[in-house]
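The structure appears below as structure tokens.
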Amino acid sequence: LTLAPALLTLGIFFGLFEGSQAILAYMKLVAATQTIADLITQQQSVSSTDMDNFNKAGQLVMTPYTSTYFGYAATSVTFDINTGAAAVAWTDTRNATPLGNATTLAAGYGQKGESVIIVQGNYAYHSVLAYVMPATINMSQIAYSRPRLVASIPHT
């Protein structure tokens, strides 16, 4: 009985530690996703090599968390110059699945003849203390950014 309060306190401490680590991982995911969107929109065009480099940048932002569980899907949505209808121009992914609803997500983010870049970052958080939080927590974040140098960024 005398160990019960100490064990309870220890359990609460480990739970708070693990919860704060998960929150910090999510904050890193937000920063990594926004960084990738920002890097893409600074370009006049992007290639597969550029997307690999942006993935590395996202992984570096995720440090000290394991980059193995990080991935992103980047999509360019253009708005028709005559009708303003949204259409997917290109999608590129690294360790993630493409956005299925990109045109719906883009609603309100552009006018006729413009475009928007949508990046969805994903991270599978694995507990440092597996006995406190044994399950993987799948985190996701979406960032929107408008091209800076051109109306629409082509993918080559």
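The values are calculated or read from the model by the stated rules, or taken from the named source; none is laboratory data. Source: prediction; values computed, not measured. With ideal geometry, Cβ positions are generated from the backbone for all residues, glycine too; neighbour counts draw on all protein chains shown. The protein model used for the area step is the full one, side chains on, heavy atoms only, and it has no ligands, DNA or RNA in it. Shrake-Rupley method; radii C 1.70, N 1.55, O 1.52, S 1.80 Å.
Does L10 fit the bill of being modelled with pLDDT of 95 or more, open to solvent by 60 Å² or more (accessible area, probe 1.4 Å) and more than 25 Å from L105 (Cα to Cα)?
Values: modelled with pLDDT of 95 or more: no; open to solvent by 60 Å² or more (accessible area, probe 1.4 Å): yes; more than 25 Å from L105 (Cα to Cα): yes.
Here the answer is no, as L10 does not meet what is asked.
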Study note, to complete from the structure: If we keep only residues of region 1-30 that are assigned to a helix (DSSP H, G or I) and among the hydroxyl-bearing types (S, T, Y), then the residue nearest to the chain's Cα centre (by Cα) is Y26
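Would you call L149 aliphatic (A, V, I, L, M), open to solvent by 50 Å² or more (accessible area, probe 1.4 Å) and within 20 Å of Q34 (Cα to Cα)?
So L149 fits the description; yes.
Out of everything in region 31-57 that is part of a helix (DSSP H, G or I) and polar (S, T, N, Q), what residue ends up being nearest to the chain's Cα centre (by Cα)?
If we take residues in region 31-57 being part of a helix (DSSP H, G or I) and polar (S, T, N, Q), then T33 is nearest to the chain's Cα centre (by Cα).
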Practice item. Starting from residues that are more than 13 Å from the chain's Cα centre (by Cα) and among the aliphatic types (A, V, I, L, M), keep the ones in region 89-102 and report whichever is surrounded by the fewest Cβ atoms within 10 Å (Cβ to Cβ). Key: A89
Revision key, fill the gap. Within region 63-95, residues being small (G, A, S), more than 22 Å from V150 (Cβ to Cβ) and at pLDDT below 95 number 1
Point to revise | Of residues in region 41-57 being over 13 Å from I153 (Cα atoms) and in contact with a Leu (Cβ under 9 Å, 6 or more places away or on another chain), the one surrounded by the most Cβ atoms within 10 Å (Cβ to Cβ) | key: F54
**Study point:** Enumeration of residues in region 72-110 that are more than 26 Å from G58 (Cα to Cα) and charged (D, E, K, R)
**Key:** D80
Check your understanding: Taking region 103-141 as the region of interest, how many residues are open to solvent by 50 Å² or more (accessible area, probe 1.4 Å), closer than 25 Å to S48 by Cα and in contact with a Gly (Cβ under 8 Å, 6 or more places away or on another chain)?
Key -> 1
**Study point:** Subset of region 58-74 [part of a helix (DSSP H, G or I) and buried (at least 16 other Cβ atoms within 10 Å of the Cβ)]
**Key:** G58, Q59, V61, S67, Y69
